[in-house]
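Undergrad: One structure, pasted below without further comment.
The values are calculated or read from the model by the stated rules, or taken from the named source; none is laboratory data. Since the model is a prediction, treat every value here as computed from it, not as a measurement. Ideal geometry is used to build each Cβ from the backbone, glycine not excepted, and the neighbour counts take in all protein chains shown.
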Amino acid sequence: MINSMTPAGELLRAEIEGEGPLSLERFMEVALYHPQHGYYRRAVDPFGRAGDFFTASQLQPAFGQLIRAALENHTTQRHLRDVGAGRGEMRIAFGPPWTYDAIDSGDTWPGAIEGVLFANELFDALPCRAYDAEDRESRVTFESGLFQWTSAPVREECPGLPAMVAQLAQALTRGLLLVIDYGYRAQDYRHRFPQGSLMSYRRHQAETNVLAHPGEQDITAHVNFTRLIDCARTSGLRLRTHTRLSTLLVEAGEQTVAQLAGEHAGALKTLLFGMGESFDALLLEKP
């Protein structure tokens, strides 16, 4: 049975009772980003062994060293801003001559920079809308003590993606935007995700019921890279490369990879052959 009586669940139930079925977008806004009860705003740390999932940023120092060395092949600028930084674990790898600052959910954005904006698993957690096989919006209702769909979703769209890309582009006076995430090209979606790509993670277990435990589990959707790149071009960015994460990490160079193979073999294997083959890396440039 779904535990709908979490604090975020109480807020969502009251909103549904007052206004009717909610869009998934609104459900995610409350479940993930409510100032007190949202999954990413609460005091409980969602990352690592004691949390719900790992990101590449927890695989330190290997991930940070690989990203730093790879970026040094692409730019002479030495300022990295980590957007959606979580714990800010990348800081350790970006010491002098680099400067590092971090922005997380709810933080006030600082001024524009010249350098690198780093967005690791940022776009997959943006609130999205869901649609059924008849292209009707699948909304969230509350019946018999459970959050339920008004119709079965088979695809998602992220209304906030263009605005997020535009915000990142505006924050960059000159330099690079590095996006690392899991996703798809538009032409591959129906084949790869006939039932949609929505997923939750709780205690390191994948959950298909994204409406369960609002505020206490992650909710994600795979990123439409085709749309992201189109939005980037509209915002004045140009695509330098779109590749597998493993390919980007290997650009760190033979010496860096060999050193990590000796000192952090497990993390390196995960990054190159696990996450590296299931995540994409987009390098976008603002001339």
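Undergrad: Take the residues in the range 99-130 that are over 21 Å from Cys158 (Cα atoms), surrounded by 18 or more Cβ atoms within 10 Å (Cβ to Cβ) and small (Gly, Ala, Ser), then tell me which one is nearest to the chain's Cα centre (by Cα).
TA: Ala102
Undergrad: Read through the list (1) modelled with pLDDT of 95 or more; (2) in a loop (DSSP other than H, G, I, E, B); (3) under 26 Å from His37 (Cα atoms), then give the number of the only condition that Ser151 fails.
TA: (3)
Undergrad: Still on this model: On the given criteria, is Ser151 of a type in the set (Gly, Ala, Ser) and either surrounded by fewer than 19 Cβ atoms within 10 Å (Cβ to Cβ) or closer than 29 Å to Thr270 by Cα (or both)?
TA: Spelling it out, Ser151 is indeed of a type in the set (Gly, Ala, Ser) and either surrounded by fewer than 19 Cβ atoms within 10 Å (Cβ to Cβ) or closer than 29 Å to Thr270 by Cα (or both).
Undergrad: If you check Arg91, Arg87, Arg78, which single one turns out to be of a type in the set (Lys, Arg) and touching a residue at least 40 places away in the same chain (Cβ under 8 Å)?
TA: Residue meeting the stated conditions: Arg87.
Undergrad: Further question on the same structure: Are there any pairs, at least 6 apart or on different chains, whose C-beta atoms fall under 7 Å, with the first in the range 258-287 and free of Cβ contacts under 8 Å to residues at least 24 places away in the same chain and the second outside any loop (DSSP other than H, G, I, E, B) and not polar (S, T, N, Q), and if so, which?
TA: Final answer for the pair search is Ala261/Leu268.
Undergrad: Residues that are hydroxyl-bearing (Ser, Thr, Tyr), surrounded by fewer than 14 Cβ atoms within 10 Å (Cβ to Cβ) and at pLDDT 95 or above: does the range 202-209 have at least one?
TA: No: zero hits.
Undergrad: I'd like the residue in the range 84-126 that is among the β-branched types (Val, Ile, Thr) and either outside any strand (DSSP E or B) or touching a Pro at 6+ places or on another chain (Cβ under 7 Å) (or both) and, out of all such residues, is farthest from Gly160 (Cα to Cα).
TA: Start the filter on the range 84-126 by keeping residues that are among the β-branched types (Val, Ile, Thr), which leaves 92, 99, 103, 108, 113, 116.
With either outside any strand (DSSP E or B) or touching a Pro at 6+ places or on another chain (Cβ under 7 Å) (or both) added as a condition, the list becomes 92, 108.
Details: Ile92: 31, Thr108: 18 Å.
Applying the filter and picking the extreme gives Ile92.
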